[in-house]
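Asks: First the structure, which I've put down as structure tokens, then a few questions once you've had a look.
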Amino acid sequence: DEETRPSSHRFRCIMMMTLLYLIASVQAIGPVDDPDMWWRFRTGQWIIENHSIPTEDYFSRPAMGQPWIEYSWMFELLIYWTYALFDLPGVMYGVVLMALLITFASHRLVRVFELPITLEVALVAAAMGAIKPLITPRPWLFTILLFSVELLIIDRARYSARPKQLWILPVIFILWANIHIQFVYGLAVLGLLLIESVVVISFRRHGVCLQTNELQPRDVIPVLIACVLASLLTPYHFFLYKQVFDYVVHTGAFLTISELHPMLFRSPDSWLILLLTLGAAFILGWRRR
């Protein structure tokens, strides 16, 4: 019995991991029916044919000739090449690949806490279930993946006292800023990291030691500045931030664009997000250190 127990435990672990990644694959397989996909194909084709990045709208009749910042231009190229080489099944397999990469990155994040394997798999499965509506051929898949990678890098730098690891982030932001405008979420996380490092120092000066962060503000500030500068390495440069400002100011978009609406709690993914959020808040409050 003692000899068979380790092997049976490994078998259960393998089966749970297999099931976890099968869930991600299965929920990513489906009809390629995203209505935005077709103008993305056309934009990618236009970029290749004209050897340039669009600066005005060429496809929309109401906005024809108006200034246009196509902040996902690199994604449009990628999805068009995929379609040109492998047709629509290739697009679907690309979504499956992104779902598997997101699952792997999420799994690595959860493994940091050294939880029991059953709880570990359950948490990752819940997270993947929560983002099921987002598993579509859109650039936000790269935002989810790169956001997870950023958190992994920050976590290792925080606990290893090796801030040099943070210098991988500017390279990531060069790619991120050319694929999706939600790279600003990544900059926000770095801003929070800077605030945390300042708070930790303030507590230590008052005799309170917080074993949560080994980074100093002098470690974070240069990286944050470098990431902001890296995000300017796009065909639109600082005009990319003008687009971000327009989204913030022109709140009418929040009424008309469905993905900007609040959760309606008419599907399981909304309840999973609520459950994970409340669970995280409870665990943080329950910990004594």
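The values are calculated or read from the model by the stated rules, or taken from the named source; none is laboratory data. Here the structure is a predicted model, which is why all the values come from computation and not from measurement. When we count neighbours, we look across all protein chains shown, and the Cβ atoms used for this are built from the backbone with ideal geometry, even at glycine. Calculation scope for accessible area: heavy atoms of the full protein, side chains included, ligands and nucleic acids excluded. Shrake-Rupley method; radii C 1.70, N 1.55, O 1.52, S 1.80 Å.
Asks: Just going by the charge dipole of the chain, with Lys and Arg at +1 and Asp and Glu at -1 on Cβ, which of Phe239, Ile29, Ser270 is farthest out on the positive end?
Replies: Ser270
Asks: Which parts of segment 116-158 would a label at Cys13 reach, counting a residue when its backbone N lies under 12 Å from a point 7 Å out along Cα-to-Cβ?
Replies: Answer for this model: 116-118.
Asks: About its Cα centre, how strong a charge dipole does the chain have in debye, to the nearest 20, once Lys and Arg get +1 and Asp and Glu get -1 at the Cβ?
Replies: 1060 debye
Asks: Also: Can you show me the helix-derived [θ] at 222 nm for the chain, built from DSSP H runs with n ≥ 4 at -39,500 (n - 2.57) apiece and divided by the number of residues, rounded to the nearest 500.
Replies: -23000 deg cm²/dmol
Asks: Shifting gears a bit: Net charge within 11 Å of Leu77 by Cβ-Cβ distance, Lys/Arg positive one each and Asp/Glu negative one each, not counting Leu77 itself?
Replies: Within the 11 Å Cβ shell, the charges total -1.
Asks: Could you give P(r) for segment 229-289, binned at 10 Å from zero, as whole percent values over all Cα-Cα pairs?
Replies: 17, 23, 26, 28, 6
Asks: Per residue, how much accessible area does segment 1-123 show when a 1.4 Å probe rolls over the protein heavy atoms, in square angstrom?
Replies: 63 Å²
Asks: Report in % the part of the accessible area of the chain that belongs to carbon and sulfur, leaving out ligands and nucleic acids; probe 1.4 Å.
Replies: In the chain, the share of accessible area belonging to carbon and sulfur is 69 percent.
Asks: Something else now. If we sort 36-44, 72-80 on the protection proxy, mean other Cβ atoms within 10 Å, highest first, what's the order?
Replies: So the peptides 36-44, 72-80, ranked by packing, come out 72-80, 36-44.
Asks: If you don't mind, there's one more thing I want to ask. Hey, rough spin-label estimate for Trp38 and Ser25, points 7 angstrom out along Cα→Cβ, what's it come to in nanometres?
Replies: 3.2 nm
Asks: Tell me whether segment 178-264 comes out rounded, prolate or oblate; compute the Cα gyration tensor, take square roots of the eigenvalues as a ≥ b ≥ c, and use a/c under 1.5 as the rounded threshold.
Replies: Oblate shape, in that a/c is at least 1.5 and b/c is the bigger or equal ratio.
Asks: For segment 112-220, just say rounded, prolate or oblate: build the C-alpha gyration tensor, square-root its eigenvalues into a ≥ b ≥ c, call rounded for a/c under 1.5, and beyond that prolate if a/b exceeds b/c, oblate if not.
Replies: Taking the square roots of the gyration eigenvalues as a ≥ b ≥ c, segment 112-220 is oblate.
Asks: Next question, about the same structure. Given the options Gln45, Ile201, Pro163, identify the residue whose Cα lies farthest towards the positive end of the charge dipole of the chain (+1 on Cβ of Lys, Arg; -1 on Cβ of Asp, Glu).
Replies: Comparing the listed Cα positions along the dipole, Ile201 ranks first.
Asks: Now a separate question. Label segment 1-86 by shape, choosing from rounded, prolate and oblate, from the square roots a ≥ b ≥ c of the eigenvalues of the Cα gyration tensor; if a/c is under 1.5 it is rounded, and otherwise prolate applies when a/b is larger than b/c, oblate when it is not.
Replies: Note, shape of segment 1-86 comes out prolate.
Asks: Given the chain reduced to its alpha-carbon atoms as identical point scatterers, what log10 I(q)/I(0) does the Debye formula return at q = 0.09, 0.14 Å⁻¹?
Replies: -0.55, -1.25
Asks: Net charge around Ile154, counting only other residues with Cβ within less than 15 Å of its Cβ (Lys, Arg = +1; Asp, Glu = -1)?
Replies: Value of the local net charge: 0.
Asks: Translational D (Stokes-Einstein, µm²/s) of segment 11-169 at 10 °C and 1.306 mPa s when Rh comes from the Kirkwood sum over C-alpha pairs?
Replies: 89 µm²/s
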